[in-house]
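Here the structure comes first, spelled out in structure tokens, and everything after it is commentary.
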Amino acid sequence: MSLKELTWKYHKNAERQAFVEELLSGISEARYATYLFNLHLTYDVLETLAMSVGLLDAIPELCRASRIYQDYQELWQANDRQPVSLKCVWNYTDYLQSIQHDRDGLMAHIYVRHMGDLSGGQLIASRVPGKGLMYQFDRPIPELKAYIRDQLHDGMADEAKLCFKYSTRLFQEMSELSR
């Protein structure tokens, strides 16, 4: 079985969250900026740790954190304060710190997050407010996907499943914010 097949159930569960439907059907600038703010916190830690162990040396164009932050800045109007940072984001970034020397573990998180941006993110990009810089890549998407796939093995499944669980929790907490 491939890593994609081993994690399919978790991937589908994340996609079924109400917040994903909101992303696809029209989200306000303020809500999307709040999401981007939290997403930036996760990507910044993940990419910093991945770079510290050389995972992104060959393909720095995969990094999204700075573009996510630019998208956030474009849309966030309340310049006197930041959006709320979600509990799941702090739990996730703490977890990432705990695996900071685990190259395979970090690569599993790169796989879930960045492959999502390269795939479903391309559909989301056309439906969210702003320029969507986080979904624009300086290398051809097939080349970036091939790089990620070349780094994977089935032994990363548990770590990838955990990443999907954190992603699902982020979507759930974003939905809870709207209540």
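How do V89, V84 line up, fewest other C-beta atoms within 10 Å first?
Numbers: V89 21, V84 12.
Ranking V89, V84 by Cβ neighbours within 10 Å, fewest first, gives V84, V89.
Let me know the charge dipole size of segment 3-177 about its Cα centre in debye, to the nearest 20, where only the beta-carbon of Lys, Arg (+1) and Asp, Glu (-1) is charged.
On the way: 19 positive and 24 negative charges, 74 e Å.
For this selection, approximately 360 debye.
Are there trypsin sites (Lys or Arg not before Pro) in segment 79-144 that DSSP puts in a loop and that have at most 15 other Cβ atoms within 10 Å, and which ones? Don't jump to the answer; show the numbers that get you there.
On the way: sites: R81, K87, R103, R113, R127, K131; in loops: R81, R127, K131.
Hits after loop and neighbour filter: R81, R127, K131.
Helix 65-75 against the longest principal axis of the chain: what's the angle in degrees, Cα atoms only, rounded to the nearest 10?
10
Please rank F137, F19, fewest neighbouring Cβ atoms within 10 Å first, as an exposure proxy. Could you put the intermediate results ahead of the total?
Details: F137 18, F19 21.
Placing the least packed residue first, the sequence is F137, F19.
Tilt of helix 141-150 relative to the longest C-alpha principal axis of the chain, in degrees (0 to 90, nearest 10)?
So the helix axis and the longest Cα principal axis differ by about 50 degrees.
Using the Karplus equation 6.51 cos²θ - 1.76 cosθ + 1.60 (θ = phi - 60°), what ³J(HN,Hα) coupling, rounded to whole Hz, does each residue of segment 33-42 give in order, writing x for Gly and Pro?
Coupling constants for segment 33-42: 4, 5, 4, 4, 4, 5, 5, 4, 4, 6 Hz.
Could you list I68, I141 so that the one with the fewest beta carbons within 10 Å of its beta carbon is first and the one with the most is last? Could you put the intermediate results ahead of the total?
Values: I68 24, I141 14.
Result, fewest neighbours first: I141, I68.
Quick note: the coordinates plus some simple rules give every number you see, no bench work behind them. Model, not experiment: these values are computed from the prediction. Glycine also receives a Cβ, built like all others from the backbone with ideal geometry; neighbour counts cover every protein chain displayed.
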